[in-house]
Amino acid sequence: MQNTTSSPRLLSRTSIITISLVVLSLVVSSMLPAGFFALLWDRLNVFATVFLGIFVEAVPYLLLGTLASGLVEVFLDRDQMSRWISHRPVAAAVGGAFMGMIFPVCECGVVPLTRRLFNKGLPLSAGIAFLLAAPVLNPIVVLSTASAFGWGQMLLWRMGVSLIIAVVVGLVFSVEQNAANVLRPVLTSSHDHDHSLEANASFSEKMRRALLVTADEFFEMGRYLIIGAMLAAALQTFVPQSSLLAIGSGPVTSVLVMLALAILLSICSTVDAFVALGFLGTFSFGSVLSFLVFGPMVDIKSIIMYLQVFRRRSVAYIVAIPFLMSLLAGILFNYLQP
Amino acid sequence: MPKRLYRSFQALLLLGLCVFFASKAASGQLTYYINLRFVPLTIFGIILLAVLAQTLFTEIKRSRQSEQEDDHEHAPVSQTCGSCSCPC
Amino acid sequence: MKFRSSLDSIAITVIAFLAVVIGLVILFSGQAGVRVTAALPERSLIGPLQKIKLTFSEAVDPVLTESLFSIQPKVDGTIEWLDVRTLQFVPVRPFEWGASYKLTLGPGILTQNGRALKNEQSWEWRVRDPLIVYLVAKDDQSTLWTVDMNGDSPNRISPEEVKIISFDVSADGEFIVFSSANSQGGIDLWRMSRTGGDASILLNCGLDRCTTPSIAPNGTRIAYSREAAGVGPGLPYGSPRVWVVDLQNAQTGPVYEDQQVLGYNPSWSPDSSKLISFDGLADQFHLFDFSNNAQILFPSNTGGTVTWSPDGTKFLFTDIEQSESGLVTRLRLADLSLNDTSTLLGSNDDRDYAYNSVAWSPVEDSVIVSLRNDEDQPAQIFWLFDPGLLDGIIIADQPGYTYNSPRWNSWGTALIFQQFKLRGEFKPEIGLWQHGFREPLTIAEGIMPHWLP
């Protein structure tokens, strides 16, 4: 507590702390080896480049996702949603996963869109399956995977395994009857401020509202994208890939390394196939497949974004089950396919 | 934070991001960060950012004209706009 | 255990089940043995000097592994170990064009602790037809194109918006490095795969000019000339110095710390251990040996084109010397074993033959040199000769044409080169000559032809 009756001091506490810190940093810097600051500056440059790389790559997709979210908010009502989506668990999970084929969103854009769909009454199982499947099954990712690996095994297994994982996780969540146990409170309460529209609003008015929703959502999700991208860039800068790759031998450890890389690199699912192609010479088919399946579902930036939509426990399941299933798929492929 | 001020911050940041991306694209520096084949998507992003900024500016003008200030709370500007201005 | 909800109980059951299944799979499939994958390009078509990489699923014993390794038909090459589980076969001589090869790894014990490859594994490949890559500069564009040896199927492989200044092709034909101007007035280095469409910046040189890239034959490093930007706006660029960029870690730096050592047009020895460049200030070639960091100097007045002998122990270059009748050109031979140079062509000439560009076959003692056959004509012809016997034949001397910049293919069986008509519209063409041809073919219009193996 501040003592208001204390006698006047020559230097304020803040000044003393500042001067102490400056002196301490001068002492520490004089003890550091020569070239330390040059190295640090070099690392910071790498950090900035990696961060901007992730951010520049992801922003257009986040914009696409938030635009889709805005359009859903304005043009789709709850009645339509309940007509289209079955409420039976298996059908909802499968339907949700296949819904991912329609929306051209990667893992950054899918989070705001799923959140909006939950608000419109999408069943939990369908929403979770959509959240996990859309970044892999959407047309852009299918095309980019095909252009990297051809219309062959890798594409088919990537889509197939992702679909199975998405449906399984969706089914697990279908047992939960109360959405409030899964979603964060902001979603389960009404959040319809100012975006509501009269039924007879004109198309241009609806578009205006959709764009306003898009902007709000972009800012809300954008900050988590930035935090996630910063974390991923920091990890990439200070935990070199080479150290991970060095331990990546063996049918199990190679899959674990690729799963760790998927989280670490945080590459947008629309471009990860080209990165994975480079690993194919070094890593087995199964390891690269696990990278391509797990990466779009879970990475640093998507975990941060999931935490804004789901309760922590739910996020733990959304991360753990796909992780184990991808690991299993990778190991099985490593053993079965030479 | 008053809604009109919040919207102003949003609009300025969107414009800032738009200029940031446009300058990178114009100078050819986009390819430092992404593959050439994804440049068209970034161009789409630039256009969408400009459209969003324009929509927000129009919205600010509208709310000034109608003087119907809605003071409901949004997240603090330091959290949303602050973090989103990082890349710029 | 007490679960909060049915979701928790189901989710934790699923997680536990998956963990058990993974454990069982690991336990039972430990019997599967060592697995191995080969890195081969699409459709198993490879370049003539492409390295074949095998990656094992775990650390293996090199001696045991190499005893199970064979390639049919037999091919000269060495086995390198990149790490404990990555083997690389490096062909010493190019794989035969059109022939099919089969690599077989027989079943047997591969590791010290007795882990084995259970079944024989094999991979097949064929050498693809080489293409020719060249620069087309017109309509304010400067782009790379490829064409086959018949002059058919021309295909632009670099983006229209990127203006290319100079380029080089990797020895295995898998990638191309080129220089292109940036928005700051400098020149950057770019990298692109053989099929194009994926050009990306390899080295951002900022205000500096990075040009004349030369890819080491082993594909690990690129040498280039770098001119530092002036210290202020509008001030002239510094003299060119030779720099190297390491493709494994993208680190770049000058070859010579001494800033007085200038250099341009770097050229690698066939084994990638030595780099030669010409210092126009000191009038000498600087040869840097990366294996022992040694430098050797060879005097030269002009530092003409350098070409290496197949074994990398000698190189040829054109030079100009002062004689009684004025300035005359010579073809000089530098011998690394003697650290000395001698004149191969020109010392006994009765007139100046204006030796210009020269290329030593990559597989045999056969050299092509451009020279002026007719004293009264500016046209250069190609003379193919044996440097030991100094005996040869003229292979390109069509009237009205002049030839230069020859390049051998990987097998030393064909040449591509630049040709110009001496009269009429300036139209640079690319010519092709193969053993058995009576005269060269014109295959495209363009400049700087390179083979794309």
Test result for A:Val309, open to solvent by less than 10 Å² (accessible area, probe 1.4 Å) and of a type in the set (A, V, I, L, M): yes
Leading residue by the ranking (surrounded by the most Cβ atoms within 10 Å (Cβ to Cβ)) among those in the range A:280-303 that are within 11 Å of another protein chain (Cβ to nearest Cβ) and assigned to a helix (DSSP H, G or I): A:Ser287
Could you please give the count of residues in the range C:125-143 that are more than 14 Å from every other protein chain (Cβ to nearest Cβ) and open to solvent by less than 20 Å² (accessible area, probe 1.4 Å)? 8
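Can you name the strands (runs of 3 or more DSSP E) wholly within the range C:368-453 that have at least 1 residues being under 16 Å from C:Asn356 (Cα atoms)? Steps first, please.
Details: elements: C:381-386, C:391-396, C:401-408, C:414-421, C:429-434, C:441-445, C:447-452.
Of the strands (runs of 3 or more DSSP E) lying wholly inside the range C:368-453, those with at least 1 residues that are under 16 Å from C:Asn356 (Cα atoms) span C:381-386, C:391-396, C:401-408, C:414-421, C:447-452.
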Take the conditions open to solvent by 20 Å² or more (accessible area, probe 1.4 Å) and of a type in the set (Phe, Trp, Tyr) and apply them to C:Tyr224. Does it pass? no
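If you go through the range C:160-169 one residue at a time, how many are open to solvent by less than 20 Å² (accessible area, probe 1.4 Å) and at pLDDT below 90? Steps first, answer last, please.
Of the residues in the range C:160-169, the ones open to solvent by less than 20 Å² (accessible area, probe 1.4 Å) are C:162, C:164, C:166-167, C:169.
Checking the rest, the ones that are also at pLDDT below 90 come to C:162.
Total meeting the criteria: 1.
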Tally up the residues in the range A:196-224 that are in a loop (DSSP other than H, G, I, E, B) and either in contact with a His (Cβ under 6 Å, 6 or more places away or on another chain) or modelled with pLDDT of 80 or more (or both), please. 1
If A:Val105 meets every condition in (1) in a helix (DSSP H, G or I); (2) open to solvent by less than 40 Å² (accessible area, probe 1.4 Å) apart from one, which number is that one? (1)
Identify the single condition in (1) buried (at least 22 other Cβ atoms within 10 Å of the Cβ); (2) more than 14 Å from chain B (Cβ to nearest Cβ); (3) free of Cβ contacts under 8 Å to residues at least 40 places away in the same chain that C:Cys205 does not satisfy, given that it satisfies every other one. (2)
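Among the residues of the range C:170-193, write down those that are touching a residue at least 60 places away in the same chain (Cβ under 8 Å) and either open to solvent by less than 10 Å² (accessible area, probe 1.4 Å) or within 12 Å of chain B (Cβ to nearest Cβ) (or both).
Taking the range C:170-193 first, the residues touching a residue at least 60 places away in the same chain (Cβ under 8 Å) are C:171-174, C:176.
Matches in the range C:170-193: C:Gly173, C:Ile176.
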Restricting attention to the range B:3-49, the residues that are within 7 Å of chain A (Cβ to nearest Cβ), open to solvent by 40 Å² or more (accessible area, probe 1.4 Å) and at pLDDT 85 or above number exactly 1
Is it fair to say A:Ile318 is hydrophobic (A, V, I, L, M, F, W, C) and farther than 20 Å from A:Val141 by Cα? yes
Could you list, in sequence order, the residues of the range A:178-195 that are loosely packed, with under 11 Cβ neighbours inside 10 Å and either among the polar types (S, T, N, Q) or modelled with pLDDT of 85 or more (or both)? A:Ser189, A:Ser190
Looking only at the range C:208-221, filter to residues that are among the charged types (D, E, K, R) and under 16 Å from C:Asn182 (Cα atoms); which one of those is most open to solvent (accessible area, probe 1.4 Å)? C:Arg209
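Within the range C:5-101, considering only strands (runs of 3 or more DSSP E) that don't extend past its boundaries, which have at least 3 residues that are facing chain A (nearest Cβ under 10 Å)?
Numbers: elements: C:36-39, C:52-56, C:69-72, C:77-83, C:86-91.
Because the criterion is at least 3 residues that are facing chain A (nearest Cβ under 10 Å), the strands (runs of 3 or more DSSP E) in the range C:5-101 that meet it are C:36-39, C:52-56.
Residues that are of a type in the set (A, V, I, L, M): list the strands (runs of 3 or more DSSP E) wholly contained in the range C:246-361 that include at least 2 such residues. Walk me through how you get there before you give the answer.
On the way: elements: C:252-254, C:264-268, C:274-279, C:284-289, C:294-299, C:306-308, C:314-323, C:326-335, C:340-345, C:358-360.
Answer list for the range C:246-361: C:274-279, C:294-299, C:314-323, C:326-335, C:340-345, C:358-360.
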Name the residue that is nearest to A:Ser254 (Cα to Cα), counting only residues in the range A:308-335 that are of a type in the set (A, V, I, L, M, F, W, C) and free of Cβ contacts under 8 Å to residues at least 40 places away in the same chain. A:Leu328
Checking A:Leu163, A:Leu124, A:Leu132 in turn, the sole residue that is touching a residue at least 60 places away in the same chain (Cβ under 8 Å), touching a Ser or Thr at 6+ places or on another chain (Cβ under 9 Å) and within 24 Å of C:Ala11 (Cβ to Cβ) turns out to be A:Leu132
Please tell me if A:Phe323 is open to solvent by 10 Å² or more (accessible area, probe 1.4 Å), over 18 Å from A:Leu113 (Cα atoms), modelled with pLDDT of 95 or more and facing chain C (nearest Cβ under 10 Å). yes
Of the conditions (1) assigned to a loop (DSSP other than H, G, I, E, B); (2) more than 14 Å from chain B (Cβ to nearest Cβ), the single one that C:Phe167 does not satisfy is (1)
Members of the range C:332-358 found to be within 14 Å of C:Gly303 (Cα to Cα) and open to solvent by less than 40 Å² (accessible area, probe 1.4 Å), listed by number: C:Arg332, C:Leu333, C:Ala334, C:Thr341, C:Tyr355, C:Ser357, C:Val358
So C:Gly197 passes all but one of these: (1) in a strand (DSSP E or B); (2) touching a residue at least 40 places away in the same chain (Cβ under 8 Å); (3) more than 14 Å from the chain's Cα centre (by Cα). Which condition number does it fail? (1)
When only residues in the range A:204-228 that are open to solvent by 20 Å² or more (accessible area, probe 1.4 Å) and more than 30 Å from A:Leu265 (Cα to Cα) count, which is nearest to the other protein chains (Cβ to nearest Cβ)? A:Leu211
Residues that are in contact with a Ser or Thr (Cβ under 9 Å, 6 or more places away or on another chain) and surrounded by fewer than 21 Cβ atoms within 10 Å (Cβ to Cβ), drawn from the range C:275-289: C:Gly280, C:Leu281, C:Asp283, C:Gln284, C:Asp289
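Could you tell me how many of the residues in the range A:239-258 are open to solvent by 50 Å² or more (accessible area, probe 1.4 Å) and at pLDDT 75 or above?
Applying the first criterion (open to solvent by 50 Å² or more (accessible area, probe 1.4 Å)) to the range A:239-258 yields A:239-243, A:245-247, A:253, A:256.
From the residues that got through so far, the ones that are at pLDDT 75 or above too are A:253, A:256.
The total comes to 2.
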Select from the range C:10-58 the residues that are touching a Ser or Thr at 6+ places or on another chain (Cβ under 8 Å), open to solvent by 50 Å² or more (accessible area, probe 1.4 Å) and without any contact (Cβ under 8 Å) to a residue 60 or more places away in the chain and list them in ascending order. C:Lys53
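The values are calculated or read from the model by the stated rules, or taken from the named source; none is laboratory data. Since we're looking at a predicted model, the values are computed, not measured. Cβ coordinates were reconstructed from backbone atoms using ideal geometry, including for glycine residues, and neighbour counts include every protein chain displayed. What goes into the accessible areas is simple: the full protein's heavy atoms, side chains included, and nothing from ligands, DNA or RNA. Shrake-Rupley method; radii C 1.70, N 1.55, O 1.52, S 1.80 Å.
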